[in-house]
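Contents: one structure, followed by commentary.
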C-alpha cells in the first residue's frame with residue numbers, strides 16, 4: 001500500500017533541506033510531530049525516534065540520504081514495516097516540488113488501509129503545507 005502527497009512550494013532548496021533535515025526541529029513546525037530526535041548525523045544508517053501527535057512513538061532508521069534531493073526511512077511495525085521517502089526537486093527558479101510517499105507492507109496492510117489511510121493522507125498534506133509555511137518564514141529572515 002502506498003500513500004503519496006506532493007506540493008510545489010516557493011522557497012530555496014537550501015532552506016527546504018535545512019528544515020527537513022533538522023529532525024529535532026520537526027515538532028516546532030510540523031503539525032504531525034509531537035517529538036522527534038536523531039541519534040547521530042543525518043545520513044543512511046542513523047537511527048531516529050518520533051512521536052506523532054495522534055499515534056504511538058516509533059523507532060526508525062534513515063535508509064537513504066542524498067543531500068538536497070532525497071531522504072528515506074523505515075520503521076518496523078507488528079507484522080510489517082512502514083517506509084517513507086521524501087524527494088525534493090527544483091522545478092523552477094524559487095520553486096521546489098516536495099513529494100512524500102509512505103509504503104506499508106506486511107500482514108496488517110488491510111487493517112492499516114481500513115483505519116489509517118485517510119488520517120495518514122491528511123497528515124502528509126498537512127506536513128507539506130506546514131513545510132511551505134516554515135520555508136517561507138525562514139526565507140523572509
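The values are calculated or read from the model by the stated rules, or taken from the named source; none is laboratory data. If you're wondering where the values come from, they're calculated on a predicted model, not measured in any experiment. Quick reminder, even Gly has a Cβ in these numbers, built from the backbone with ideal geometry, and neighbours come from all protein chains shown.
Total residues in the stretch 2-41 satisfying the condition of being on the phi > 0 side of the Ramachandran plot and buried (at least 19 other Cβ atoms within 10 Å of the Cβ): the figure is 1.
Exactly one residue among 22, 14, 30 is more than 13 Å from the chain's Cα centre (by Cα) and at pLDDT 95 or above, and that residue is 14. If the condition is being at pLDDT 95 or above, under 17 Å from residue 33 (Cα atoms) and part of a loop (DSSP other than H, G, I, E, B), then the stretch 47-69 contributes no residue at all. Checked against (1) closer than 23 Å to residue 19 by Cα; (2) in a helix (DSSP H, G or I), residue 96 passes all but a single condition, namely (2).
The number of residues in the stretch 1-31 being closer than 20 Å to residue 97 by Cβ, in contact with a helix residue (DSSP H, G or I) (Cβ under 7 Å, 6 or more places away or on another chain) and not in a helix (DSSP H, G or I) comes to 8. For residue 72, all conditions in the list (1) out of contact with any helix residue (DSSP H, G or I) (no Cβ under 9 Å at 6 or more places or on another chain); (2) surrounded by fewer than 17 Cβ atoms within 10 Å (Cβ to Cβ); (3) part of a strand (DSSP E or B); (4) without any contact (Cβ under 8 Å) to a residue 24 or more places away in the chain hold save one; what is the number of the exception? With respect to (1) out of contact with any helix residue (DSSP H, G or I) (no Cβ under 9 Å at 6 or more places or on another chain); (2) surrounded by fewer than 17 Cβ atoms within 10 Å (Cβ to Cβ); (3) part of a strand (DSSP E or B); (4) without any contact (Cβ under 8 Å) to a residue 24 or more places away in the chain, residue 72 is out only on (2).
If you go through the stretch 54-63 and keep only what is surrounded by 16 or more Cβ atoms within 10 Å (Cβ to Cβ) and farther than 21 Å from residue 126 by Cβ, you end up with just 62. When residues in the stretch 95-135 are screened for being farther than 21 Å from residue 64 by Cβ, touching a helix residue (DSSP H, G or I) at 6+ places or on another chain (Cβ under 9 Å) and modelled with pLDDT of 85 or more, 4 of them pass. Free of Cβ contacts under 8 Å to residues at least 40 places away in the same chain and exposed (fewer than 14 other Cβ atoms within 10 Å of the Cβ), is that true of residue 87? Against the criterion (free of Cβ contacts under 8 Å to residues at least 40 places away in the same chain and exposed (fewer than 14 other Cβ atoms within 10 Å of the Cβ)), residue 87 does not qualify. For residue 91, the criteria (1) within 19 Å of residue 64 (Cβ to Cβ); (2) assigned to a strand (DSSP E or B) hold in every case but one, which is (1).
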